[in-house]
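K.L.:
A single structure is presented below for examination.
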């Protein structure tokens, strides 16, 4: 019996890696996609290592991007993101990944879908998960992507060419509303009878932010310190309750079907002068070793919303750029927020990443 395989490109985008497929190379019946992606990455793996596939045993290394040239007037590429669970037979399409978004523009130029006319490429990306447009800007030389450069990003060894991502109108990417509950701060009632003060914000991806101190945490913990069964169980319970409160899911059982959305962020005051606040994120049930970029963008937007837990944490509440402390360093983002007719509007959010093509060939499933 012949082995089943698909054309595939393996890329790093920011602090994540993904298998990238041309949509035309996949079955037309999308119901078949999940099994292909699970097998290609080696999920589910009860040992948590994905040794039987291309995954790396953590959420940031268990990702898939499906791309095709766009027929939209405002985009060059259509991009669908899939988060593949490491330990469960689940593939989640509800949110986007900002890190992998940084690989999409270079891939489009590499495949000649976009032909740059100057030394800087400008690729317009339509993310089908969130129905939002992202603009990517990066250097090219003689029409080819210039992957080498001097930019070093936290969490990635070495340097690369800067890729600027600008998310257009990021508010309401998951729920349709920047403030799903119409508030910048809420009291979330938990199944154990306790209550927590949270900020539930939806920009680039839906997130629930809470003070680390409310869970007896410092906020500067390493991923190993947070990767404890009882803590993870508590985090997941909060995430599921927030999913229902934000209108993402109608019930806790329905909320369990999504392994990622909403993301959970633990907020704390800065512990170093080179940051404005500290953030630790739980992504797909695991403490993230850096920060998901969409969560970082959401946090930067939240920092500019008076009354939110992040805004309250800031010493300087009139920031232009926002510096977020994370397990692997400090990430700087820019978010533009305006108040219009007594409502907050997230105009855009931007940050820099690097990316690299690792190999191109066929992946066997």
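K.L.:
Quick one: count up the residues across the stretch 199-216 that are within 29 Å of residue 177 (Cβ to Cβ) and over 20 Å from the mean Cα position of the chain (by Cα).
P.N.:
Selection size over the stretch 199-216: 5.
K.L.:
Further, regarding this structure: Go through (1) without any contact (Cβ under 8 Å) to a residue 60 or more places away in the chain; (2) surrounded by 14 or more Cβ atoms within 10 Å (Cβ to Cβ); (3) touching a strand residue (DSSP E or B) at 6+ places or on another chain (Cβ under 7 Å) one by one and return the number of the condition residue 6 breaks.
P.N.:
For residue 6, the failing item is (1).
K.L.:
Considering the stretch 22-45 alone, what residues qualify as being under 20 Å from the mean Cα position of the chain (by Cα) and surrounded by fewer than 19 Cβ atoms within 10 Å (Cβ to Cβ)?
P.N.:
Scanning the stretch 22-45 gives a single hit, 34.
K.L.:
Surrounded by fewer than 18 Cβ atoms within 10 Å (Cβ to Cβ) and in contact with a strand residue (DSSP E or B) (Cβ under 9 Å, 6 or more places away or on another chain) - does that describe any residue in the stretch 11-21?
P.N.:
First, the residues of the stretch 11-21 that are surrounded by fewer than 18 Cβ atoms within 10 Å (Cβ to Cβ): none.
No; the residues of the stretch 11-21 include none that is surrounded by fewer than 18 Cβ atoms within 10 Å (Cβ to Cβ) and in contact with a strand residue (DSSP E or B) (Cβ under 9 Å, 6 or more places away or on another chain).
K.L.:
Here are some conditions: (1) closer than 18 Å to residue 88 by Cα; (2) within 19 Å of the chain's Cα centre (by Cα). Residue 233 meets all but one. Which one does it not meet?
P.N.:
(2)
K.L.:
Might you check whether a residue that is under 16 Å from residue 209 (Cβ atoms), crowded, with 16+ Cβ neighbours inside 10 Å, free of Cβ contacts under 8 Å to residues at least 60 places away in the same chain and outside the structural domain of residue 156 (by TED's automatic domain parsing) occurs anywhere in the stretch 325-334?
P.N.:
So far as the stretch 325-334 goes, yes, one or more of its residues are under 16 Å from residue 209 (Cβ atoms), crowded, with 16+ Cβ neighbours inside 10 Å, free of Cβ contacts under 8 Å to residues at least 60 places away in the same chain and outside the structural domain of residue 156 (by TED's automatic domain parsing).
K.L.:
Return the residues of the stretch 262-280 that are assigned to a loop (DSSP other than H, G, I, E, B) and out of contact with any helix residue (DSSP H, G or I) (no Cβ under 6 Å at 6 or more places or on another chain); say none if nothing qualifies.
P.N.:
Once the filter is applied, which keeps residues that are assigned to a loop (DSSP other than H, G, I, E, B) and out of contact with any helix residue (DSSP H, G or I) (no Cβ under 6 Å at 6 or more places or on another chain), the stretch 262-280 yields 270, 271, 272, 273, 274, 275, 276.
Every residue, every condition in (1) outside any loop (DSSP other than H, G, I, E, B); (2) more than 25 Å from residue 348 (Cα to Cα); (3) in contact (Cβ under 8 Å) with a residue 24 or more places away in the chain, yes or no:
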residue: 188; (1), (2), (3): yes, yes, yes
residue: 197; (1), (2), (3): yes, yes, yes
residue: 207; (1), (2), (3): yes, no, yes
residue: 237; (1), (2), (3): yes, yes, yes
residue: 240; (1), (2), (3): yes, yes, no
residue: 257; (1), (2), (3): no, yes, yes
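K.L.:
State whether the residues of the stretch 92-106 include one that is within 18 Å of residue 358 (Cβ to Cβ) and either free of Cβ contacts under 8 Å to residues at least 12 places away in the same chain or over 21 Å from the mean Cα position of the chain (by Cα) (or both).
P.N.:
The answer is no; no qualifying residue exists.
K.L.:
Filter the stretch 1-41 down to residues that are closer than 28 Å to residue 161 by Cβ and either in contact with a helix residue (DSSP H, G or I) (Cβ under 7 Å, 6 or more places away or on another chain) or in a strand (DSSP E or B) (or both), then give me how many there are.
P.N.:
Qualifying residue count, the stretch 1-41: 16.
The values are calculated or read from the model by the stated rules, or taken from the named source; none is laboratory data. Everything quoted here is computed from the prediction, not taken from an experiment. Backbone-built Cβ (ideal geometry, glycine too); neighbour counts: all protein chains shown.
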